[in-house]
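J.: What follows is a structure written as structure tokens; I'll ask about it next.
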Amino acid sequence: MSCGNRLRHICAATAQVVISVSILMVLISSTLFPFPVFAEEKPEGVEGDRGSVEEVIDVTADEISYDRRNAQATAKGNIVVLFKSFRITGDYAEYNENDLIVVIKGNARFEDIEEGTEFDADKIIFLLEEEEMQATGGISLNYNDGKVLASGEKLSYFGPDKRAIVEGCAIVEIAGKVFSASTITIFLDEERVLASGGTKTILSRYSEGL
């Protein structure tokens, strides 16, 4: 099987490979993988002649390999993963097309361009169907150009709810107020936090609204 059948574009000068993973048509294929959540929300994608929507994930890297038998793709070096409004970068990535999960390791960075959310971590697990993220190691969150800042050992991000949970020596700064606790839940749209477990709060007299 020729490489042209699998790759969207090959740039020989830089040894970068750009793949349009058309196998993600399983997201809208009711025969193979019926996912009613995606069908109801009518996600952005490529509209076909019959009005169907193809969800596409673009992966750019220095090196990409694909194992069809195990439904597994791996990428190494200067990785950029694009899906809907999400952009994830890192040093190493694995994609399982059966479980619809992307794992990014090494200098991992996640961005939701529409929501203005970004965070860095050592490892990020991206659940495509649920539009959820799980990140571990050196967590740093920045929401809406610094309106909410957070750090901790583990972070869970729920795209549809616009909600983040920071765990392990969690610290959140919002409107000049700093919260620390074992676990802090951030409701990003509402700019509201809920802290639990050894909580501590620093409220500045001169913070906005005081």
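J.: If packing is taken as the average number of other Cβ atoms within 10 Å across a peptide's residues, how do 79-92, 62-75 rank, most packed first?
T.: Top to bottom by mean Cβ count within 10 Å: 79-92, 62-75.
J.: Kirkwood hydrodynamic radius of region 114-210 from all distinct Cα pairs, in Å?
T.: Details: mean 1/r = 0.0746 Å⁻¹.
Result for region 114-210 stands at 13.4 Å.
J.: What does the C-alpha gyration tensor say about the overall shape of region 65-155? Classify as rounded when a/c is under 1.5, otherwise prolate if a/b is larger than b/c, or oblate. All intermediate terms of the calculation are to be shown ahead of the outcome.
T.: Values: a/c = 2.14, a/b = 1.78, b/c = 1.20.
Verdict is prolate for region 65-155.
J.: Find how much the distance from residue 175 to residue 113 grows on full extension, using 0.36 nm per residue of separation minus their present alpha carbon separation; answer in nm with one decimal.
T.: 20.1 nm
J.: Separate question: Given the pairs 105/162; 76/105; 105/177; 84/162, which are separated by over 20 angstrom at their Cα positions?
T.: 105/162; 105/177
Computed from the coordinates by the stated procedures, all read-outs in this text should not be read as laboratory data. Note that this is a predicted model, so its numbers are computed, not measured. All Cβ positions, even for glycine, are placed from backbone atoms using ideal geometry, and neighbour counts span all protein chains on display.
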